[in-house]
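*Asks:* The structure is given below, and queries will be raised subsequently.
The values are calculated or read from the model by the stated rules, or taken from the named source; none is laboratory data. This structure is a prediction, so every number in the text was calculated from the model and none was measured. With ideal geometry, Cβ positions are generated from the backbone for all residues, glycine too; neighbour counts draw on all protein chains shown.
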Amino acid sequence: MTGKKKKKKKKKSAESKGPKRKTVARNRRAFKFYNVEDKFEAGLVLVGSEVKSLRDGKVDLKDGYARPKNNEVYLLQVRISQYANATHENHEPDRPRKLLLHKREIKRLIGRTTQQGYTILPLEIYFNERGIAKVLLGLAKGKSKFDQRDDIREREAKEEMERALRRRIKKR
């Protein structure tokens, strides 16, 4: 024997079984003002300086939305700031970006957005395990003020229950 030790295989935990991805930006306002009914993953058509800016986290999803046009879907009003170290051929921050979806997904989105009240929102931009930029789209319908207040009431009630449980556990 040469004295080499065998390496033990590490068991994967339940958390590590899902896809690894690095989240760049989340649209928190989407869940506050909209009921998200369906989610789609789409690729983004980007130029090099946009990818560099995404890696730096210089993106704003706040006012973003997607709109179908000529059997394609475009991401609008998503601001990817210009990359500071780019050459004179830097990208335009607010340009429309084409989304890469399957035809059946595009047809489904077109059919649903023609219904009154539905819109397509970017929920999250991230890099998947292979380093490709992806956007998570949500098919959403706007919430009324009543629904928003109801969500706040539910959240506060849940927090109050958790506080009571923590107090009860501390007393033991």
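*Asks:* Restricting attention to the stretch 114-148, which residues are among the basic types (Lys, Arg) and modelled with pLDDT of 85 or more?
*Replies:* ARG130, LYS134, LYS141
*Asks:* (1) surrounded by 10 or more Cβ atoms within 10 Å (Cβ to Cβ); (2) more than 18 Å from the chain's Cα centre (by Cα); (3) closer than 27 Å to LYS22 by Cα: which one isn't true of THR87, the others all being true?
*Replies:* Looking at each condition in turn, THR87 falls short on (1).
*Asks:* Turning to a different aspect of this structure: Run down GLY18, GLY48 and say which single residue is over 13 Å from the mean Cα position of the chain (by Cα), under 16 Å from GLY131 (Cβ atoms) and at pLDDT below 85.
*Replies:* Going through GLY18, GLY48 in turn, the sole match is GLY48.
*Asks:* Residue pairs, Cβ under 8 Å, 6 or more apart or interchain, first in the stretch 28-55 and touching a residue at least 24 places away in the same chain (Cβ under 8 Å) and over 24 Å from GLN115 (Cα atoms), second hydroxyl-bearing (Ser, Thr, Tyr) and surrounded by fewer than 19 Cβ atoms within 10 Å (Cβ to Cβ). List them.
*Replies:* Close Cβ pairs (under 8 Å, with a partner that is hydroxyl-bearing (Ser, Thr, Tyr) and surrounded by fewer than 19 Cβ atoms within 10 Å (Cβ to Cβ)) amount to SER53/SER81.
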